[in-house]
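Chemist: Dropping a structure here in structure tokens format, bear with me for questions.
The values are calculated or read from the model by the stated rules, or taken from the named source; none is laboratory data. A quick note: this is a predicted structure, and the numbers were derived from the prediction, not measured. Counting neighbours? That spans all protein chains shown, and the Cβs are built from the backbone with ideal geometry, glycine included. Note: areas computed on protein heavy atoms with side chains; ligands, DNA, RNA excluded. Shrake-Rupley method; radii C 1.70, N 1.55, O 1.52, S 1.80 Å.
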Amino acid sequence: MFHIIINPASRSGRGLQIWDSSIRPALEAANIPFRAYFSEKPGDTVRLAGNISSETAGELNIIILGGDGTVNEALQGFKDTSRVTLGYIPTGSSNDLARDLKIPRNPAQALDLILSSGKPHPMDLGILTYPDGETRRFSVSCGIGFDAGVCEEAFHSRIKHAMNRLGLGKLTYLGIALKQLFTSMAVSGKLILENGEPADIGNMLFTACMIHRFEGGGFMFAPDADPQDGFLNICAVGDLPKLLILFALPTAFRGKHYRFKGITPYRVRELAIETSAPLWVHTDGEVTRRSCRISVSCEKDAIKILY
């Protein structure tokens with residue numbers, strides 16, 4: 001029995017069409033039992049995942065049809081992720097989880113992979129903790145600073161949805177990124193590593209804490225990340241002239257950005273990040289609040305996934 005959570009608004013509003021024309025008919029033709037649930041607004045997936053996990057005993061077989069943000073919302077709703085076997089049909093704009101796991105972008109092929117993959121694979125999850133004790137899980141990455149600020153502004157952008165429908169959504173992010181790069185105020189930051197050792201990163205642009213290799217629609221910020229090793233791969237960016245950042249960021253699509261002084265990798269099980277002023281924070285591209293301190297840890301083999 002599969003519980004399937006569908007984000008109808010994903011893939012520029014085509015999520016419902018993909019479900020009705022491709023996924024539901026395939027499941028019915030194969031006589032596979034399922035229950036479908038539809039989100040209508042932000043936060044719905046958290047509620048749906050919470051209801052499913054509360055009302056269902058034993059192991060949970062969940063399929064998410066949506067983007068990385070839909071998966072992230074579901075993770076917040078699950079009471080116990082160790083009970084969950086997750087299938088993912090990527091219909092978002094970034095799809096970094098699918099990119100790293102080589103899950104097909106074609107929905108029918110992604111469903112075939114779920115149904116034929118056999119034994120699920122264990123996968124690590126990240127845990128973000130704020131000073132007031134609020135926690136959020138993430139499957140791909142979390143970040144503080146520039147990357148989260150771009151996500152936050154893009155979410156409220158008036159032109160983002162129109163650009164998505166034209167297949168030009170990445171231009172929205174590019175425009176916002178360039179604006180924020182040259183208008184952001186300098187904020188100092190430091191990492192406190194798991195051995196208690198501080199690492200000063202100067203004027204911090206952002207710090208990304210990675211479970212998987214990719215973030216932001218294909219930036220390979222953590223080329224050595226392994227989602228089954230129990231570690232976070234950290235990409236800390238600071239004290240880099242803004243004009244040089246324009247040259248450095250494109251090299252991250254190939255994982256070559258660490259050649260630039262001021263971009264530093266770390267590999268830890270946990271760390272804290274402190275900044276001199278509150279900055280936006282994201283988990284898998286979902287932005288909820290600003291903070292000047294976050295703690296991040298890796299939970300090894302926290303969930304199972306079919307791919």
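Chemist: So which strands (runs of 3 or more DSSP E) are wholly in the range 214-307 and hold at least 2 residues that are without any contact (Cβ under 8 Å) to a residue 40 or more places away in the chain and not basic (K, R)?
Modeler: Values: elements: 232-238, 263-268, 270-283, 286-305.
Answer list for the range 214-307: 232-238.
Chemist: Could you say whether any residue in the range 188-208 is in a helix (DSSP H, G or I) and among the aromatic types (F, W, Y)? Before you say what the answer is, go through the steps one by one.
Modeler: So in the range 188-208, the residues in a helix (DSSP H, G or I) come out as none.
No: the range 188-208 contains no residue that is in a helix (DSSP H, G or I) and among the aromatic types (F, W, Y).
Chemist: How many residues are over 21 Å from E286 (Cα atoms), assigned to a helix (DSSP H, G or I) and open to solvent by 40 Å² or more (accessible area, probe 1.4 Å) if we restrict to the range 1-50?
Modeler: Total meeting the criteria: 9.
Chemist: Could I ask something else about it? Confirm whether L60 is crowded, with 20+ Cβ neighbours inside 10 Å, over 28 Å from G218 (Cα atoms) and in contact with a strand residue (DSSP E or B) (Cβ under 7 Å, 6 or more places away or on another chain).
Modeler: Working: crowded, with 20+ Cβ neighbours inside 10 Å: yes; over 28 Å from G218 (Cα atoms): yes; in contact with a strand residue (DSSP E or B) (Cβ under 7 Å, 6 or more places away or on another chain): yes.
Judged against the criteria, L60 is a match.
Chemist: Follow-up question, since we're still on this one. Could you count how many residues in the range 152-192 are open to solvent by 30 Å² or more (accessible area, probe 1.4 Å), at pLDDT 80 or above and of a type in the set (A, V, I, L, M, F, W, C)?
Modeler: Qualifying residue count, the range 152-192: 5.
Chemist: Which condition breaks for V71 when tested against (1) on the phi < 0 side of the Ramachandran plot; (2) modelled with pLDDT of 95 or more; (3) surrounded by fewer than 20 Cβ atoms within 10 Å (Cβ to Cβ)?
Modeler: V71 satisfies every listed condition except (3).
Chemist: Could you please find all residues in the range 182-211 being under 26 Å from the mean Cα position of the chain (by Cα) and of a type in the set (S, T, N, Q)?
Modeler: Within the range 182-211, T183, S184, S188, N203, T207 qualify.
Chemist: Would you check which residues across the range 73-100 are in a loop (DSSP other than H, G, I, E, B) and not hydrophobic (A, V, I, L, M, F, W, C) and list them? Walk me through how you get there before you give the answer.
Modeler: Narrowing the range 73-100 to residues in a loop (DSSP other than H, G, I, E, B): 78-80, 91-95.
Residues satisfying the conditions are K79, D80, T91, G92, S93, S94, N95.
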